[in-house]
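First up is the structure itself, then whatever we jot down about it.
Read-outs: derived from the displayed coordinates by stated rules, not from any lab. Note that the structure is a prediction, hence the values are computed from the model and not measured. Note: ideal-geometry Cβ built from the backbone for every residue, glycine included; neighbour counts use all protein chains shown.
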Amino acid sequence: MERPRSLPEHSQLIKGIAGIRTQGQAALLTGPGSPQLRSSACLDCAELPVPQRAPLKASVQSDQTAGGNIGMDSVGDTLQRLRETFSAGRTRPAEFRATQLKGLGRFLRDNKQLLQEALARDLRKPDFESEVSEFSMAQHEIHLALRNLRAWMKDEKVPRSLGTQLDRAFIRKEPFGLVLIIVPWNYPLNLSLVPLVGALAAGNCVVLKPSEISKNMEQVLAEVLPRYLDQSCFAMVLGGPEETGQLLEHRFDYIFFTGSPRVGRIVMTAAAKHLTPVTLELGGKNPCYVDDNCDPETVANRVAFFRYFNTGQTCVAPDYVLCSPEMQERLLPALQSTIARFFGEDPQSSPNLGRIINDKHFQRLQGLLGCGRVAIGGQSDQSDRYIAPTVLVDVQETEPVMQEEIFGPILPIVNVRSLDEAIDFINRREKPLALYAFSKSSEVVKQVLARTSSGGFCGNDGFMHVSLASLPFGGVGASGMGGYHGKFSFDTFSHHRACLLRSQGMEKVYSIRYPPYTPRNLRMLLVAMETRSCSCTLL
Ligand code: NAD
């Protein structure tokens, strides 16, 4: 694998797009077929020293009239164009949707190296982790959607009442229209493509707003992705908080947001102005209860793997461990040897550990290292944005590390005296995105499951539940609303339209509901309104 480039080189690479943003306007990048002209930003992008870059020059285009930047007027024009596509019914046929999904599959295959390099430059993500958590999940979602598209699109028959036995009652899965997808930086490919699969499969037009923080991925997506999708139904808008704020002033038919609870509130407030429905995929602190009845080595392997995966920058990572002081004594040496086995005696030189996304997050995490007492790790190096896999003990609930989502390779252990105390600790806080319980006793795991609430739950492992497209992925309460993955994505991006089709016949029978009202007609009507699951025709 080519080594990630140094940070000065890195910042050179992204200067084109950074230049776009400083103007305080969203840059809208469209693909071939657009009448817009190539901008100066495009020339900068062409200098990227990545093998596949050179032929991509022509795919980055923007509005010449705005001096190389596209202002919000142009965003408005593009949204209008997408709306017209939708109104014309172009995205509705299964063939059109399948073509887009196949395009996404080709995008992943054709540009694998480029994408892998972008992940390595942004996060020093090991290829193994990119493969498992970015490529394979996105590819799997594409295959699943392609295999099931027609079945998912089918009208869903529903049980009828006695009085509707002669009618057709069904749920039609209708695309919402124009969908906005806003993406964070930690899994910048997965969290762009997986929602995109659902939105396109459901027949929507889509505006994708990648994270400005994972700059290299933002740039690759902006330059390359539009080439694989029909330009009449897909557009990308780039920018940070200011530009996204401007974008959110426009009306969308659905907003799918992944990011922090703080920005989730901003998005929901903006959506409320237009009564736009939202899915909010947010973060928070995910508790991990470790019972005394556990094998410490197994727990250490599993907790450390999922805590330090992507350098801890994972929304579903176990955020802190809750266990007894006795279990802590057994767990610490196990964690110590696991960390050494995973990353060697000097984790900074390990190819299996990534880096913190930027200086701001590095400094935030460095601050958290001062909480409690460092039991394992604790080293950091700003010049490399390196934070060692760390375990903290003697942590107080009131310390920052227990007040905010950690989102880095730091694992505090908080002591509790019993299962009841652990459950009470969990339930006194916001509902988490994920919750983990380790015990050899299935009764203990079941109790944690039964007496708490969270977006997802996994017994005796880390975020394995997220790997199943047959399970919905999403939060509850402060960790978000709505879910996706697999068919859940298709359903999330579809309006479930309630339909009843009846004929003009049988008027005599149906007239029992009309005035003048009589007690006899009321009795008959109430019987007729009872829902029956059998499909036999009784009238
Ligand atoms: P973030 O909320 O700062 O940013 C997410 C997106 O919102 C970005 O595209 C960003 O440009 C945009 N944004 C930022 N500030 C904005 C503002 N003021 N107005 C409008 N848009 C704005 O999140 P992040 O730092 O990119 O990601 C980390 C957070 O995301 C963590 O809290 C993590 O738990 C969460 N997350 C959740 C999931 C999930 O599936 N539930 C997945 C990954 C990350």
Note to self: Need the C-alpha centroid separation for the stretch 134-184 versus the stretch 94-119, integer Å.
What the structure shows: 22 Å
Note to self: Using the Karplus curve 6.51 cos²θ - 1.76 cosθ + 1.60 with θ = phi - 60°, what ³J(HN,Hα) values do you get for each residue of the stretch 151-162, in whole Hz, with x for Gly and Pro?
What the structure shows: 5, 5, 6, 4, 4, 9, 5, 10, x, 10, 8, 4
Next item on the list: Any chance you could list the semi-axes, whole Å, largest first, of the equivalent ellipsoid that the Cα gyration tensor gives for the stretch 75-127, using √(5λ)?
Entry: 32, 17, 7
Next item on the list: Could you pull out every residue, at least 5 positions away or on a different chain, whose amide H is within less than 5 Å of the one on TYR320? Hs are placed 1.01 Å off N in the peptide plane, and Pro or chain starts have none.
Entry: ASN286, CYS288
Checklist line | Pairwise Cα inverse-distance average, inverted: Kirkwood Rh of the stretch 207-291 (Å) | finding: 14.5 Å
Check: When the Karplus curve 6.51 cos²θ - 1.76 cosθ + 1.60 is applied with θ = phi - 60°, which whole-Hz ³J(HN,Hα) does each residue of the stretch 249-255 get, with x for Gly and Pro?
Finding: 6, 6, 8, 10, 8, 7, 10
Margin query: Give me the one-decimal nm value for the distance between modelled label points at GLU95 and LEU526, 7 Å along each residue's Cα-to-Cβ direction.
Written below: 5.4 nm
Next item on the list: Before anything else, pin down the relative contact order of the stretch 345-444: Cα pairs under 8 Å, at least 6 apart, normalised by residue count, whole percent.
Entry: 20 percent
Notebook entry, point to check: Which values, in whole Å and largest first, are the semi-axes of the equivalent ellipsoid of the stretch 444-507 obtained as the square root of 5 times each eigenvalue of the Cα gyration tensor?
Noted result: 37, 15, 12
Item checked: Convex hull projection area averaged over all views, the stretch 300-378, Cα basis, nm² -> 5.5 nm²
Notebook entry, point to check: Which net charge results when you count Lys and Arg as +1 and Asp and Glu as -1 among the other residues whose beta-carbon is under 11 Å from that of PRO325?
Noted result: -2
Check: Between ARG262 and ARG168, what is the FRET efficiency for a Förster distance of 51 Å, r being their Cβ-Cβ separation, to the nearest 0.05?
Finding: 0.65
Margin query: When 1/r is averaged over all different Cα pairs and the result inverted, which Kirkwood radius in Å belongs to the stretch 199-249?
Written below: 11.7 Å
Notebook entry, point to check: Any idea what Rg and Dmax come out to for the stretch 401-462 if you just take the C-alpha atoms, in Å?
Noted result: 11.8, 32
Notebook entry, point to check: Taking one equal scatterer on every alpha-carbon of the stretch 144-196, how large is log10 of I(q)/I(0) by Debye at q = 0.15, 0.21, 0.23 1/Å?
Noted result: -0.67, -0.91, -0.97
Next item on the list: May I ask for the equivalent-ellipsoid semi-axes of the stretch 401-539, computed as the square root of five times each C-alpha gyration tensor eigenvalue and listed largest first in whole Å?
Entry: 51, 19, 15
Margin query: Multiplying the sequence separation of ASN352 and SER136 by 0.36 nm and subtracting their Cα-Cα distance, what value in nm do you get?
Written below: 75.9 nm
Notebook entry, point to check: So between GLU421 and TYR514, what do we pick up on full extension, going 0.36 nm a residue minus the alpha carbon distance?
Noted result: 27.4 nm
Item checked: Spin-label proximity, LYS446 to the stretch 402-437 - amide N less than 18 Å from point 7 Å beyond Cα toward beta carbon -> 419-420, 437
Check: How far, in nm, would the chain grow between GLU345 and ALA88 when pulled straight, counting 0.36 nm per residue and subtracting the alpha carbon separation?
Finding: 86.4 nm
Next item on the list: Tabulate in residue order the Karplus-calculated ³J(HN,Hα) for the stretch 432-449, using 6.51 cos²θ - 1.76 cosθ + 1.60 with θ = phi - 60°, rounded to whole Hz; enter x for Gly and Pro.
Entry: x, 6, 9, 9, 10, 9, 10, 6, 6, 8, 5, 4, 5, 4, 4, 5, 4, 4
Note to self: Going by amide H atoms built from the backbone, whose H comes under 5 Å of the H on LEU411, apart from near neighbours?
What the structure shows: THR390, VAL391, LEU392
Check: One-quarter of the Cα convex hull surface for the stretch 250-340, in nm²?
Finding: 7.5 nm²
Check: When Lys and Arg each count +1 and Asp and Glu each count -1, what net charge do the other residues less than 12 Å away from SER133, Cβ to Cβ, add up to?
Finding: -3
